[in-house]
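Shown next, in structure tokens, is the structure this report addresses.
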Amino acid sequence: MPQSESGPRTAEREFVVLLDEEHRPAGVADKATVHGADTPLHLAFSCYVAGPDGRVLFTRRALDKTTWPGVWTNSCCGHPGPEESLVEAVRRRVRQELGIGLTEVTEGLPDFRYRAVSAEGIVENEFCPVFWARTEDEPTPDAREVAEYAWVPWEDVVALAARTPWVISPWAAEQIPRLDARS
């Protein structure tokens with residue numbers, strides 16, 4: 001699949017990597033058509049970005065997102081394109097979505113997988129390694145992706161996930177306790 005310098009897009013099309021049950025590449029699909037009521041397993045990532053003072057960037061999904069609109073979640077999510085490494089995809093997507101550069105990217109949960117069904121009936125079915133990242137930048141988010149953001153102490157993020165997991169994205173609700181257990 002051809003890729004532009006900005007990532008896995010071709011004439012406005014973005015491709016995702018399909019996976020088999022052992023998480024091995026099994027093909028590609030157009031991102032615009034892959035998410036539905038019977039979404040195949042595909043590769044994604046989640047990222048939690050810490051600022052210079054250690055607080056974590058928590059974002060609220062744009063109100064016109066197809067799934068989980070207006071829901072608070074981790075810093076950034078995305079899909080690596082064919083032939084793109086996960087770290088390259090994290091750096092690309094954080095730059096596109098949040099307008100920030102990253103000084104460090106490390107694995108947090110290399111084996112995270114989840115399946116969730118949105119209120120609209122759209123299924124997320126992803127093998128989704130989770131990353132920690134650091135930045136020195138203040139976000140300038142893309143309004144098509146992020147409605148608002150907040151820098152939050154990690155212990156407050158953990159408390160939110162423990163006390164009211166229904167107010168955050170289902171993937172963040174699963175990731176946060178697992179990340180916290182590893183720290």
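Here are a few things to note about the model shown:
- Of the trypsin sites (Lys or Arg not before Pro) found in the range 54-160, those that fall in a DSSP loop while having at most 14 other beta-carbon atoms within 10 Å are ARG144.
- Two-site FRET efficiency, GLU155 against LEU41, from Cβ-Cβ distance with R₀ of 35 Å, rounded to 0.05: 0.55
- Orientation-averaged projection of the range 130-183 equals 4.5 nm² [convex hull of Cα atoms, one quarter of hull surface area].
- Efficiency of FRET between VAL123 and ARG178 - r from beta-carbon atoms, R0 22 angstrom, step 0.05: 0.55
- Paramagnetic reach from LYS65 (point 7 Å along Cα→Cβ, amide N under 16 Å) across the range 141-183: 141-151, 161, 165-176
- Rounded to the nearest 20, the size of the Cβ-charge dipole of the range 35-182 about its Cα centre is 220 debye, with Lys and Arg at +1 and Asp and Glu at -1.
- Gain on full stretching of the segment that runs from TRP166 to GLU107 - 0.36 nm per residue minus C-alpha separation: 18.7 nm
- Calculated FRET efficiency for the pair ALA143/THR33, C-beta based, R₀ 25 Å, to 0.05: 0.55
- Overall Cα dimensions of the chain - principal axes, largest extent first, Å: 40, 32, 32
- Computed over the range 77-183, Cα set: Rg, Dmax in Å: 14.3, 40
Just so you know, all these numbers are worked out from the coordinates, no wet-lab data involved. None of these values were measured; they are calculated from a predicted model. Every residue, glycine among them, receives a Cβ derived from its backbone with ideal geometry; neighbour counts consider all protein chains shown.
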